[in-house]
Amino acid sequence: MSESEPAGAKPPIRVGLFATCLVDLIRPRIGFAAAKLLEDAGCMVEVPSQTCCGQPAFNSGDRNTAREIAAQSIAVFEQYDYVVVPSGSCAGQIILHYPELFEGDAAWSPRARALAAKTFELTVFLNDVLKAAPKARFEGAVTYHDSCSGLRELGIKAQPRKLLAQVEGMTLIEMKDPDVCCGFGGTFCVKYPDVSNKIVEKKSANIAASGAATLLAGDLGCLMNMAGKLSREGNQVRVRHVAEVLAGMGDEPAIGEPER
């Protein structure tokens, strides 16, 4: 206990931030935003040395590689009170598929289930666990896309909207079919690019029709896919991860824009 910490005070919640590959390599600002939100809510945040969650291998049917990667993540993150992930798809991999990968393994199954039980997607953790009230301001109208993994695997829908409702100056305009796939789907867009493009064409049309100046979502893969399509179409809608706006970092360059 530090000298400034009152006697009997509860220690802060120790959170391991699973940053995800895309955030680490493409948009680190999302990781900083997530850490800020968690720290502002009173958590002690650590970002240990980490690798992929194993989802690409898992979705490609390579269970051996997926298990090897999952074992690394379990060993690194099981020390924390909670594991928080700014991505519905990566959170879903840990929560749902790590236990599946080690089913029947007497040594690893309990560890996989224990990690899954304390892993949360960022907006779920902020809204449902911490009951956090982010203090941020963002001027203008936004629309929100529900990523497939977050919505269908983890049931994430109300949480980001409840958090966004607390942002001053913002108006949330629901686009048509916000819960319909954007066409990314991880390896799907690589295997079936023509189908993927047709899907994101419909999504970009719905985004534009909403009239919102900013598109938000909780998965960087989806955001990159939609931002790329909007840019190729000459659409001026700016694209951001929901954590950036909730953390008060909405004045930074949007996804796809040059850094200042």
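Since every read-out is calculated from the coordinates, none of them should be taken as a lab result. Given the structure is predicted, the values throughout are model-derived calculations rather than measurements. FYI the Cβ positions are ideal-geometry reconstructions off the backbone, even for glycines, and counts take in every protein chain you see.
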Let me know the shape class of the range 190-260, please: from the alpha-carbon gyration tensor, a ≥ b ≥ c as square roots of the eigenvalues, rounded when a/c is under 1.5, otherwise prolate if a/b is greater than b/c, or oblate. prolate
For the chain: relative contact order, % (alpha-carbon pairs under 8 angstrom, 6 or more apart): 18 percent
List the residues, sorted by chain then number, that are 5 or more residues from ALA136 or on another chain and whose placed amide H is less than 5 Å from its amide H. GLU168
If I stretch the segment between MET44 and ARG137 completely, what's the gain in nm (0.36 nm per residue apart, minus their alpha carbon distance), one decimal? 31.1 nm
Relative exposure of GLU259, GLU46, judged by other C-beta atoms within 10 Å (fewest first): GLU259, GLU46
Note down the relative contact order for the range 14-127 as a percent, whole number, built from C-alpha pairs under 8 angstrom at least six residues apart. 29 percent
Using Cα pairs under 8 angstrom and six or more residues apart, how large is the relative contact order of the range 133-246, in percent? 32 percent
Exposure proxy check: LEU17, LEU151, LEU37, LEU164 ranked by fewest other beta carbons within 10 Å? LEU151, LEU164, LEU17, LEU37
Approximate spin-label separation ASP62-VAL190, in nm, with each point projected 7 Å along Cα-to-Cβ: 0.9 nm
Under 13 Å from the Cβ of GLU233, count the other residues' Cβ atoms, weight Lys and Arg +1, Asp and Glu -1, and hand me the total. +3
Once phi is turned into θ = phi - 60°, what whole-Hz ³J(HN,Hα) does the Karplus curve with 6.51, -1.76 and 1.60 give for every residue of the range 97-106, x standing for Gly and Pro? 9, 4, x, 5, 5, 10, 4, x, 8, 4
Among GLU201, GLU168, what is the fewest-to-most ranking by other Cβ atoms within 10 Å? GLU168, GLU201
Work out the FRET efficiency for LYS162 and ARG232 from their Cβ-Cβ distance, taking R0 = 45 Å, and round it to the nearest 0.05. 0.85
Which value at 222 nm does the chain reach when only helices count, each DSSP H run of 4 or more adding -39,500 (n - 2.57), with the total divided by all residues and rounded to the nearest 500 deg cm²/dmol? -11000 deg cm²/dmol
So, counting K/R as plus one and D/E as minus one, what does the shell of residues with Cβ under 14 Å around LEU101 add up to? -1
Within the chain, which complete DSSP H helices have Cα atoms spanning at least 24 Å along the helix axis and a mean Kyte-Doolittle hydropathy of -0.5 or higher? 193-210
Using a simple charge model, +1 on the beta-carbon of Lys and Arg, -1 on the beta-carbon of Asp and Glu, nothing else, what dipole does the chain show about its Cα centre, in debye to the nearest 20? 440 debye
Take the residue pairs LYS131/LYS157; LYS162/LYS203; LYS203/LYS229; LYS176/LYS202 and return only those whose Cα atoms are more than 18 Å apart. LYS162/LYS203
